[in-house]
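Chemist: The structure is given below, and queries will be raised subsequently.
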Amino acid sequence: MASVFRSEEMSLRQLFLQVEAAYCCVAELGELGLVQFRDLNVNVNSFQRKFVNEVRRCESLERILRFLENEMEDNVEIVKGEKYPETPLPREMIDMETVLEKLEAELLEANQNQQTLKQNFLELTELKHLLKKTQDFFEAETNLPDDFFSEDTSGLLELRSTPAAAAAKLGFTAGVIKRERMIPFERLLWRACRGNVYLRYTEMDTPMEDPVTREEVKKNVFIIFYQGEQLKQKIKKICDGFRATVYPCPESATERREMLDGVNTRIEDLNTVLTQTESHRQRLLQEAAASLWSWGIKVKKIKAIYHILNCCNIDVTQQCVIAEIWFPVADADRIKRALHQGMERSGSTIAPILTAIHTRMAPPTFNRTNKFTAGFQNIVDAYGVGNYREMNPAPYTIITFPFLFAVMFGDCGHGAVMLGFALWMVVNEKSLLAQKSTNEIWNTFFSGRYLILLMGIFSMYTGFIYNDCFSKSFNFFGSSWHIIPMFKNNTWNNDVLLDNTVLQLDPAVPGVYSGNPYPFGIDPVIKLNCSKIICVSTLFLHIRYISSSLHSLL
């Protein structure tokens, strides 16, 4: 019982482990969670320690797991087990590496194939729209009236009205460009070609999906008419500069229709292949999702074990691992049992050796907690951890913290709401723990469920003392103060009410005060005090302000 009010008595021991049994023994101590290892290699660089390669392998596995988790996003649900998996043996790490590397390679290949297919699908879709729009362009030009070209339009179109126009053959370039680049593209074409081009463009009806970024992209189809090889080269450079995609487009309408039919056929085939590729990718992700959570726990445990082993020394014979550990004296038997279990699991026949060390170093502070006291201990530790064997204020905060909160939050209505929410978390704590939520705000509330429970109880108590429920007062026993006798005695009248902004009940007037105080809490007549001049009412005003602030934070 004394350990509740004071930190645990700690012991420093030197631990000798056989190299083959060191991994399993450290794993068992880690599951116990009662040991603190001292770093005996403080002056050794992190990259020069014994098990640095194993730590790098764990980091590589963590990278693969992050990659798999990012690929799943919100489309695939990660399956979480009811219990945490056991710490895997070193040989199991090799099998895990093989499985994860194979899964990563297959998923990367599937992603690369899917990206290539989507790029081909994008190009074919753009070509399909381009062939349709260019056909509309040519049909619109053939339907123009004869007097259209008599106007002063552009240098290029004036060729039609000259005798040389018959001999001059116009070339054209068709392509697709992002919609936001269309206006500067058109302006540069006009200036670079000095108006000797004819540009037509239209918006694509359906937005495209970028195969790399998977973002929606809006594009325009354009066609440029020109004359001469020099203008053709210049237009090509401008299209390359604006990253416009140029597609081959036949001159005759028949060839365009045939090409469009071929493009539609290829698009249908690509849709089939894309569906199969996505199905294969989803199967890989479903396979990974079934074990991703357990893999993550195992890799973290393995990495933590090798990190601890890097803090230990190895003797000159390379057969013995030497460590120094702090642990509570009361748990010495549990530490020895854990070491014995680790020895048996590793198959070693040499038992670990624990020897006491006399030191003047300050032992670490360890305060034993349970699910009820953990929340209060966290509040104390947030302000600072006490020295070794110092008085622990956490048990006292179990009463003082909820009570002081209730002084500020004295409302039995709001307290009942808090109490109901806390009771729901306490009653269903096993099922809520099994969900293993990653929401930080929810985990904060859930870890402080017993704290919220006591705050609700104390708030209800102070709420009854303040006679306050959702800012309304109770009148169960009848008020001890009465106003009507003040008028009957002619102390108050209409003139007094009009001339005074503040009125005070006089207990000396017969019938105003019954002589018996309100049985429990504050008399409800206090609510009639609108000016808040009485010191108690002023206190209520400050309490209401503070409680509202805390309520908004919660």
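The values are calculated or read from the model by the stated rules, or taken from the named source; none is laboratory data. Every value quoted in this text rests on a predicted model; they were computed, and no experiment measured them. Positions of Cβ are generated from backbone atoms using ideal geometry, with glycine treated the same way; all protein chains shown enter the neighbour counts. Surface areas here come from the heavy atoms of the whole protein model, side chains and all, with no ligands, DNA or RNA. Shrake-Rupley method; radii C 1.70, N 1.55, O 1.52, S 1.80 Å.
Chemist: Tell me whether the range 133-141 contains one or more residues that are modelled with pLDDT of 85 or more and surrounded by fewer than 13 Cβ atoms within 10 Å (Cβ to Cβ).
Modeler: No; the residues of the range 133-141 include none that is modelled with pLDDT of 85 or more and surrounded by fewer than 13 Cβ atoms within 10 Å (Cβ to Cβ).
Chemist: For the list (1) open to solvent by less than 30 Å² (accessible area, probe 1.4 Å); (2) in the same structural domain as residue 323 (by the TED database); (3) among the small types (Gly, Ala, Ser), I need the number of the one condition that residue 304 fails.
Modeler: Every listed condition holds for residue 304 apart from (1).
Chemist: Moving on. What's the total number of residues in the range 485-503 that are farther than 18 Å from residue 526 by Cα and in a loop (DSSP other than H, G, I, E, B)?
Modeler: Selection size over the range 485-503: 6.
Chemist: Here's something else I'd like to know. Among (1) exposed (fewer than 13 other Cβ atoms within 10 Å of the Cβ); (2) part of a helix (DSSP H, G or I), which single condition is residue 452 missing?
Modeler: If we test residue 452 against (1) exposed (fewer than 13 other Cβ atoms within 10 Å of the Cβ); (2) part of a helix (DSSP H, G or I), just (1) comes out false.
Chemist: Conditions: (1) free of Cβ contacts under 8 Å to residues at least 60 places away in the same chain; (2) not in a loop (DSSP other than H, G, I, E, B). Residue 256 meets all but one. Number of the miss?
Modeler: That leaves (1) as the condition not met.
Chemist: Right, residue 238: surrounded by 12 or more Cβ atoms within 10 Å (Cβ to Cβ), of a type in the set (A, V, I, L, M, F, W, C) and outside any strand (DSSP E or B) or not?
Modeler: yes
Chemist: Check 428, 516, 475, 493 and return the single one that is under 33 Å from the mean Cα position of the chain (by Cα) and either open to solvent by 60 Å² or more (accessible area, probe 1.4 Å) or over 25 Å from residue 395 (Cβ atoms) (or both).
Modeler: Being under 33 Å from the mean Cα position of the chain (by Cα) and either open to solvent by 60 Å² or more (accessible area, probe 1.4 Å) or over 25 Å from residue 395 (Cβ atoms) (or both) holds for just one of 428, 516, 475, 493, which is 428.
Chemist: Here's a check for you: in the range 504-526, which residue that is in a loop (DSSP other than H, G, I, E, B) and of a type in the set (Phe, Trp, Tyr) is nearest to residue 465 (Cα to Cα)?
Modeler: Looking at the filtered set, the residue picked out is 520.
Chemist: Something else: Looking at 421, 458, 446, 487, which is the one that is closer than 30 Å to residue 374 by Cβ, without any contact (Cβ under 8 Å) to a residue 24 or more places away in the chain and surrounded by 11 or more Cβ atoms within 10 Å (Cβ to Cβ)? Working first, answer last.
Modeler: Values: 421 fails: without any contact (Cβ under 8 Å) to a residue 24 or more places away in the chain; 458 fails: without any contact (Cβ under 8 Å) to a residue 24 or more places away in the chain; 487 fails: closer than 30 Å to residue 374 by Cβ.
The unique qualifying residue is 446.
Chemist: Name the pairs whose Cβ atoms lie under 9 Å apart, with the first residue in the range 371-382 and open to solvent by 40 Å² or more (accessible area, probe 1.4 Å), the second among the polar types (S, T, N, Q) and not in a helix (DSSP H, G or I), and 6 or more positions between them or separate chains?
Modeler: Sorted first by the residue in the range 371-382, then by its partner, the pairs are 378/369; 381/367.
Chemist: Evaluate the range 283-291: report whether one residue or more is free of Cβ contacts under 8 Å to residues at least 24 places away in the same chain and either of a type in the set (D, E, K, R) or farther than 30 Å from residue 447 by Cα (or both).
Modeler: Yes.
Chemist: Now a separate question. Go through the range 87-113 and report how many residues are over 14 Å from residue 291 (Cβ atoms) and in a loop (DSSP other than H, G, I, E, B).
Modeler: 2
Chemist: Hey, another quick one. Give the residue that is farthest from residue 381 (Cα to Cα), with candidates limited to residues of the range 1-15 that are surrounded by fewer than 17 Cβ atoms within 10 Å (Cβ to Cβ) and of a type outside the set (Asp, Glu).
Modeler: 14
Chemist: Out of the residues in the range 314-334 meeting the condition of being outside any strand (DSSP E or B) and either among the hydroxyl-bearing types (Ser, Thr, Tyr) or open to solvent by less than 60 Å² (accessible area, probe 1.4 Å) (or both), tell me which one is modelled with the lowest pLDDT.
Modeler: Just the residues of the range 314-334 that are outside any strand (DSSP E or B), to begin with: 315-319, 329-334.
In the following step, the residues that additionally are either among the hydroxyl-bearing types (Ser, Thr, Tyr) or open to solvent by less than 60 Å² (accessible area, probe 1.4 Å) (or both) were identified as 315, 317, 331-332.
On the way: 315: 84, 317: 81, 331: 91, 332: 92.
The qualifying residue modelled with the lowest pLDDT is 317.
Chemist: Condition test on residue 360, is it surrounded by 14 or more Cβ atoms within 10 Å (Cβ to Cβ), in a loop (DSSP other than H, G, I, E, B) and among the basic types (Lys, Arg)?
Modeler: In short, no.
Chemist: Out of the range 28-77, which residues are within 30 Å of residue 283 (Cβ to Cβ) and open to solvent by 50 Å² or more (accessible area, probe 1.4 Å)?
Modeler: Matches in the range 28-77: 57, 59, 63, 66, 69, 70, 73, 74, 75, 77.
Chemist: Out of 26, 44, I need the residue that is in a helix (DSSP H, G or I) and under 38 Å from the mean Cα position of the chain (by Cα). Which one?
Modeler: Working: 44 fails: in a helix (DSSP H, G or I).
Going through 26, 44 in turn, just one is in a helix (DSSP H, G or I) and under 38 Å from the mean Cα position of the chain (by Cα): 26.
Chemist: Another question, if that's okay. Mind listing whichever residues of the range 186-229 are open to solvent by 70 Å² or more (accessible area, probe 1.4 Å) and either assigned to a helix (DSSP H, G or I) or closer than 18 Å to residue 242 by Cα (or both)?
Modeler: Passing the criteria: 186, 187, 188, 190, 191, 200, 201, 203, 218, 229.
Chemist: Only one of (1) open to solvent by less than 50 Å² (accessible area, probe 1.4 Å); (2) outside the structural domain of residue 58 (by the TED database); (3) not aromatic (Phe, Trp, Tyr) fails for residue 311. Which number is that?
Modeler: (2)
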